[in-house]
1. Considering only Gly144, Gly155, Leu166, whose Cα is most displaced toward the positive end of the charge dipole of region 74-218, charges sitting on Cβ of Lys, Arg (+1) and Asp, Glu (-1)?
2. Over 32 Å between Cα atoms: which of Lys239/Lys482; Lys95/Lys192; Lys19/Lys408; Lys228/Lys470; Lys51/Lys103; Lys19/Lys228 fall into that group?
3. With the full set of protein chains in place, find how many percent of the accessible area of the chain is carbon and sulfur; take the probe as 1.4 Å.
4. Just to confirm, what accessible area per residue do you get for region 317-381 at 1.4 Å probe, in whole Å²?
5. For Glu252, Glu60, give the ranking by accessible area with the largest first, probe 1.4 Å.
6. May I ask you to order 363-370, 220-227, 458-465, 64-71 by the average number of other C-beta atoms within 10 Å around their residues, highest value first?
7. Might you work out the accessible area of Lys228 for me, using a 1.4 Å probe with all protein chains in place, and round it to the nearest 10 Å²?
8. May I ask which residue of Val456, Gln255, Ser220 lies farthest towards the positive end of the charge dipole of the chain, with charges of +1 (Lys, Arg) and -1 (Asp, Glu) on Cβ and the Cα centre as origin?
Amino acid sequence: MAEELLLENDAKISTHLTKSLLAVAFLASFGGSMLYGYNLAVVNSPAQYIKDFYNETLTESYGWTPDEEHLTVLYSLTVSVFAVGGMTGALLVGKLVTRYGRKGTLVRSSVLVFIGGALMGFSRGCRMPAMVIFGRFITGVHSGISLSVVPMYLGEIAPKNLRGFLGLVPSIHICLGVFIAQILGLSELLGKEEHWPLLLSLVVFPTMVQLMLLPWFPESPRYLLIEKGNVHATIAALKWYRTKGNIQAEVEEMQEEQRSLSSIHTISVWGLLMDRCVRWQVITIAVVNIGMQLSGIDAIWFYTNDIFKNAGIPDPYIQYTTVGTGAIEVISGVLGCFTIERLGRRPLMIGGFLFMALCCAGITVSALFQAQLSFMRYISVGCVVGIIAGFCIGPAGVPFLITAELFKQSHRPAAYTVAGCLNWLSNFTIGFVFPFLEMATGPYCYLIFCAICLGVAIYTIFVIPETKNKTFMQISQMFATKNNILEEELTPNGHLKLALMNGYGTLGLHDEK
């Protein structure tokens with residue numbers, strides 16, 4: 001039966017974007033990545049209302065009236081506990097995707113959104129600030145899982161020439177989630193004191209849509225074949241996503257990778273960190289994931305209103321300026337998505353981080369001369385918009401994409417666990433520390449972000465190869481020289497000792513003449 005499915009068509013392997021590929025990309029991102037973006041920005045608009053709620057309830061329950069510094073700490077905890085939940089979710093990714101699959105993990109983790117949304121939605125009626133904090137933590141766990149699993153899933157179902165395009169669909173939805181949170185947070189909509197619990201709990205509606213539709217789509221073909229050994233299900237899944245053409249070449253490519261990994265199972269995080277054959281891949285995902293969070297973008301997302309207020313924008317116009325930046329994010333994300341397969345991963349990363357570094361320096365300079373030159377406040381706002389645009393074009397999505405591309409099936413779950421933990425740890429650090437860093441250093445804090453952006457751009461220039469239109473086997477072989485895989489580790493007939501090297505070598509399996 002499997003052979004019949006393989007030989008049904010004699011056409012070339014399909015590399016076109018099909019309706020089913022596009023549908024699953026948007027559906028997985030809609031109920032996963034978009035919620036991450038929404039939760040990043042949703043606490044910005046009702047910040048003062050949340051602080052007032054904490055002040056009222058603490059006074060009622062304990063007879064203690066916190067001062068402004070204590071309220072800032074509590075609000076910073078509310079913002080940053082989302083990242084603690086995210087890091088917790090990232091730690092679970094490896095085990096979940098190995099046990100339940102990529103799609104199965106997304107479906108099962110959706111229950112967390114309903115729990116978190118209910119806690120935040122009923123917190124005001126129950127007069128319990130802890131419900132807001134725990135709700136943020138639980139939705140953070142869901143985002144920590146989906147932020148890794150969605151790009152992993154899409155990277156495995158996409159043909160190599162569409163992997164970049166589909167890999168950036170989640171980043172568009174992150175930007176879209178931020179934009180929706182900013183729109184709904186307007187004072188004319190849900191940005192009123194009585195509506196902030198509803199604003200926080202709206203995350204349940206996209207999850208309901210995903211939960212109704214995603215189970216009808218197939219699991220990742222690479223997971224079905226390489227980890228489960230189910231050839232028939234693999235072929236059926238590929239035919240669902242390709243619809244036209246002969247998928248035999250893709251099955252053979254997966255089987256080639258499976259043969260190279262036949263002596264090992266999915267490795268642990270410790271095994272990944274100790275494996276010298278992927279040393280530079282691990283260093284790379286650490287640099288790009290830490291860099292994307294410490295670039296200053298999270299500080300802008302979490303504290304946009306405060307930043308614009310300090311820049312001198314009149315209070316009535318701040319919320320509309322913020323919504324304008326959200327629109328820029330979506331446009332920049334779409335631009336990055338449609339140019340990545342033409343330009344490649346490296347140009348988007350390098351250009352994005354360099355432009356962000358320039359804008360971070362611009363914020364510092366404009367703030368220093370704002371008292372003498374009133375037009376500098378507009379320069380500051382322009383630099384904030386520039387940071388957002390530069391981030392969303394490339395650095396927002398490429399790190400998640402290349403985490404999938406730099407590792408083969410056995411190492412990918414552990415790689416996403418490491419990348420996710422570093423990403424969320426950096427996210428938490430910025431969310432909690434930035435208000436105090438800004439109070440201590442003023443506009444000079446953006447020079448720190450400038451240096452980080454420059455560092456990541458330089459690293460990308462000298463270390464990260466272009467992965468556009470390459471198979472996972474080819475990409476792993478590109479790192480062989482950097483990882484000091486020596487020729488002595490080749491067998492006499494030209495094949496690699498794949499059991500020893502976990503499949504990460506300098507030659508492919510078909511190099512023997």
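1. Ranked along the dipole, the leading option is Gly155.
2. Violating the 32 Å Cα-Cα cut-off are Lys239/Lys482; Lys95/Lys192; Lys51/Lys103.
3. On the way: 13540 of 20210 Å².
Using a 1.4 Å probe with all protein chains present, the chain comes out at 67 percent carbon and sulfur.
4. On the way: 3060 Å² over 65 residues.
I get 47 Å² per residue for region 317-381.
5. Glu60, Glu252
6. Top to bottom by mean Cβ count within 10 Å: 220-227, 363-370, 458-465, 64-71.
7. 120
8. Projecting each Cα onto the dipole axis, the largest value belongs to Gln255.
The values are calculated or read from the model by the stated rules, or taken from the named source; none is laboratory data. No experiment lies behind these values; they were computed from the predicted model shown. Virtual Cβ from ideal backbone geometry, glycine too; neighbours counted across all protein chains shown. Heavy atoms of the whole protein, side chains included, go into the accessibility calculation; ligands, DNA and RNA do not. Shrake-Rupley method; radii C 1.70, N 1.55, O 1.52, S 1.80 Å.
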